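Engineer: What follows is a single structure, and I will ask about it in a moment.
The values are calculated or read from the model by the stated rules, or taken from the named source; none is laboratory data. Predicted model only: the values in this text are computed from it and were never measured. Because the Cβ atoms are built from the backbone with ideal geometry, glycine has one as well, and the counts that use them run over all protein chains shown. To get the accessible areas, we keep the full protein, side chains included, count just its heavy atoms, and leave off ligands, DNA and RNA. Shrake-Rupley method; radii C 1.70, N 1.55, O 1.52, S 1.80 Å.
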Amino acid sequence: PFPFLFYLGILSNVHINKPTLIYFHYHYLPYGYWWDKIKKYLTLNYIHHIDFKLKNGVSIEHYAHKSDYLRLLILDKYGGIYYDIDTLVIQSHHSLLKYACVIGIQEKFKNKEDIFGNAILFSRPNHFFIKDWLNKFENVFKNEEWTSASLFLPTEIYNKYTDQYKKDIHVVNQTYFYTPNYNEDYLLFQEKEISIDHNTTTFHYCQNY
């Protein structure tokens, strides 16, 4: 069954960003009241295969890992804007559309290094950053780990680029996509006063949290 928060996330995108098309990638079609209300806004894209095997023979087991890989394949071939379904649009992202590739900082890992998030990605087709990420994915992916290929790998790839390559990747700070972060729910539910940062375009509420 399709939950209300997924409906609200898509509807916020419809009203605020006014996209020409929203592709909904699926293998099992949702159902229920909120699905019936939102599906008129969607262009459905059926994913035929649910068995993902990398070139090195490793099978991707968890559906979240499959999604991590699939979003890169689709962005590489077609380009576009990828949103996790557990996101709410706060204000328009149109100011970011001029960039060939956009990725956001998710957090400062162990208060030392900025690492990227992959819940929201902008890319034109055949962008070198997405290609590099895809090509190196299988070298670091492990089914029992959640961040190696999806967060640390793109961060490492970017950090090794020269300034010439970096200028074709627009990096936004944490306030754009990931504030409050997955470990900061107390800011929403315990703090009496909190203001939304003027840069915040999307709130990724991290469904599991």
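Engineer: Which three extents, in whole angstrom, do the alpha-carbon atoms of the range 43-96 cover along their principal axes, largest first?
Structural biologist: Dimensions of the range 43-96 along the principal axes of its Cα atoms: 42, 22, 21 Å.
Engineer: Between Gly80, Gly32, Gly117, find the one with the highest GNM mean-square fluctuation for the chain; connect C-alpha pairs within less than 10 Å.
Structural biologist: Maximum fluctuation in the GNM of the chain, among the listed residues, is at Gly32.
Engineer: Which residue, Ile16, Ile90, Ile130, has the most motion in a Gaussian network model of the chain that connects Cα atoms within less than 10 Å?
Structural biologist: Maximum among the listed residues: Ile16.
Engineer: Moving on. Which GluC sites (Glu not before Pro) in the range 90-166 pass both tests, a DSSP loop state and at most 11 other beta-carbon atoms within 10 Å?
Structural biologist: Those that pass, being in a loop and sparsely packed, are Glu144.
Engineer: Quote the Stokes-Einstein diffusion coefficient, in whole µm² s⁻¹, for the range 79-130, based on the Kirkwood radius over alpha carbon pairs, a temperature of 20 °C and a viscosity of 1.002 mPa s.
Structural biologist: Using the Kirkwood radius from Cα pairs, D works out to 174 µm²/s.
Engineer: Looking at (1) 80, 12, 10; (2) 35, 20, 17; (3) 25, 23, 18, which value of semi-axes √(5λ) of the Cα gyration tensor in Å comes from a calculation on the structure shown?
Structural biologist: It is the value labelled (3).
Engineer: Determine by what factor the alpha-carbon radius of gyration of the range 109-178 differs from 2.2 N^0.38 Å, reporting the quotient. Could you put the intermediate results ahead of the total?
Structural biologist: On the way: Rg = 12.3 Å, N = 70, 2.2 N^0.38 = 11.1 Å.
Expressed relative to 2.2 N^0.38 Å, the Cα Rg reads 1.11.
Engineer: In Å², what does the accessible area per residue of the chain work out to with a 1.4 Å probe?
Structural biologist: Using a 1.4 Å probe on heavy atoms only, each residue of the chain averages 60 Å².
Engineer: So, one more: Using a simple charge model, +1 on the beta-carbon of Lys and Arg, -1 on the beta-carbon of Asp and Glu, nothing else, what dipole does the chain show about its Cα centre, in debye to the nearest 20?
Structural biologist: Working: 21 positive and 22 negative charges, 147 e Å.
So the magnitude is around 700 debye.
Engineer: Computed FRET efficiency, Cβ-Cβ of Gln164 and Tyr28, R0 35 Å: what is it to the nearest 0.05?
Structural biologist: Approximately 0.20, to the nearest 0.05.
Engineer: For the range 126-158, state which trypsin sites (Lys or Arg not before Pro) are in a DSSP loop and have at most 12 other beta carbons lying within 10 Å of their beta carbon.
Structural biologist: When the trypsin sites (Lys or Arg not before Pro) of the range 126-158 are filtered for loop state and at most 12 Cβ neighbours within 10 Å, Lys142 remain.
Engineer: Add -39500 (n - 2.57) for each DSSP H run of 4 or more in the chain, then divide by its residues: what number comes out at 222 nm, to the nearest 500 deg cm²/dmol?
Structural biologist: Values: 8 runs with 69 residues, N = 209.
Computed mean residue ellipticity for the chain: -9000 deg cm²/dmol.
Engineer: Another question about this same structure. According to a simple spin-label model (label point 7 Å from Cα along Cα-to-Cβ), what is the distance in nm between Leu5 and Asn56?
Structural biologist: It works out to 3.4 nm between the two label points.
Engineer: Can you compute the FRET efficiency between Leu73 and Asp197 using 1/(1 + (r/R0)^6), with r the Cβ-Cβ distance and R0 = 30 Å? Round to the nearest 0.05.
Structural biologist: Approximately 0.40, to the nearest 0.05.
Engineer: Here's something else I'd like to know. Rounded to the nearest 20 debye, what is the charge dipole size of the range 24-117 about its Cα centre when +1 sits on each Lys and Arg Cβ and -1 on each Asp and Glu Cβ?
Structural biologist: Around 200 debye, computed over the range 24-117.
Engineer: Another one. Leaving ligands, DNA and RNA out of it, report the carbon-plus-sulfur percent of the accessible area of the range 134-209 at a 1.4 Å probe.
Structural biologist: 46
Engineer: Hey, got a sec? Which trypsin sites (Lys or Arg not before Pro) in the range 1-62 land in a DSSP loop and have at most 16 other Cβ atoms within 10 Å?
Structural biologist: Sites meeting the loop and neighbour criteria: Lys55.
Engineer: Each residue of the range 25-41 in turn: what ³J(HN,Hα) in whole Hz from Karplus with 6.51, -1.76, 1.60 and θ = phi - 60°, glycine and Pro shown as x?
Structural biologist: Result, ordered by residue: 8, 8, 10, 9, 6, x, 8, x, 4, 6, 5, 4, 7, 9, 5, 5, 8 Hz.
Engineer: I'd like the antiparallel share, as a percent to the nearest 5, of DSSP beta bridges with both residues in the chain.
Structural biologist: 70
Engineer: Further, regarding this structure: Distance from the Cα centre of the range 41-68 to that of the range 73-97, in angstrom?
Structural biologist: About 19 Å separates the Cα centre of the range 41-68 from the one of the range 73-97.
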